[in-house]
Amino acid sequence: MLVQRPEHTPWTELARVQAQRFFIEHSFREAKSECGVADYQVRRWDAWHHHMALVMLATLFLAKQKIQGRTQWPMLSFNDLVTALAHLLPRRQLTAQDVAEIITKRHRLREQAKESHARRAAALESI
């Protein structure tokens, strides 16, 4: 076995350290599925850093809630907490005008994306 360790490290210690990997990978998987690690749509590195900072704060919040709720609900998961928050926190009620503005903004952004793509394609064809 190839491992970076002091020469007389007991095998039980190596096994314990290896087993910790499960909890780290499980935390990343929960953060990815419940907190939006993979849901970024940014174009600049600073925006990516801002997104990741918010995701890590959300993950920390959920982890603390999970630890606090473990005595009452031993199998409490991030998904359980996100579901509870979605149902318990107040939501802003959208009016018909709000929905129309959201749709109009989406259409404007799609149109800008189409125009940008057409300009790039035309520039490439002229080369």
Worksheet item: When residues of region 96-127 are filtered for being polar (S, T, N, Q), at pLDDT 95 or above and farther than 22 Å from Gln41 by Cβ, how many remain?
Response: 1
Item to complete: State whether the residues of region 53-68 include one that is part of a loop (DSSP other than H, G, I, E, B), modelled with pLDDT of 90 or more and not assigned by TED's automatic domain parsing to the domain that holds Ala113.
Response: no
Worksheet entry | Residue list for region 84-102, restricted to those being assigned to a helix (DSSP H, G or I), surrounded by fewer than 10 Cβ atoms within 10 Å (Cβ to Cβ) and among the aliphatic types (A, V, I, L, M) | Ala86, Leu88, Ala96
Worksheet, complete the sentence: The number of residues in region 69-83 that are over 19 Å from Asp39 (Cβ atoms) and assigned to a loop (DSSP other than H, G, I, E, B) is 7
Worksheet item: For Ser116, are the conditions met, namely being under 21 Å from Phe28 (Cβ atoms) and free of Cβ contacts under 8 Å to residues at least 60 places away in the same chain?
Response: no
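Which of the residues that make up region 11-44 are in a loop (DSSP other than H, G, I, E, B) and among the β-branched types (Val, Ile, Thr)? Working first, answer last.
So in region 11-44, the residues in a loop (DSSP other than H, G, I, E, B) come out as 35-44.
Across region 11-44, the qualifying residues are Val37, Val42.
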Worksheet item: Which pairs do you get when a residue that is modelled with pLDDT under 80, found in region 1-28, comes within reach of a residue that is basic (Lys, Arg) and not in a helix (DSSP H, G or I), reach meaning Cβ atoms under 9 angstrom, with the pair 6+ apart or on two chains?
Response: none
Item to complete: Could you please find all residues in region 17-59 being of a type in the set (S, T, N, Q) and closer than 20 Å to Ser77 by Cα?
Response: Gln20, Ser27, Ser33, Thr59
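The values are calculated or read from the model by the stated rules, or taken from the named source; none is laboratory data. As the structure is a prediction and not an experimental result, all values here were calculated from the model. All Cβ positions, even for glycine, are placed from backbone atoms using ideal geometry, and neighbour counts span all protein chains on display.
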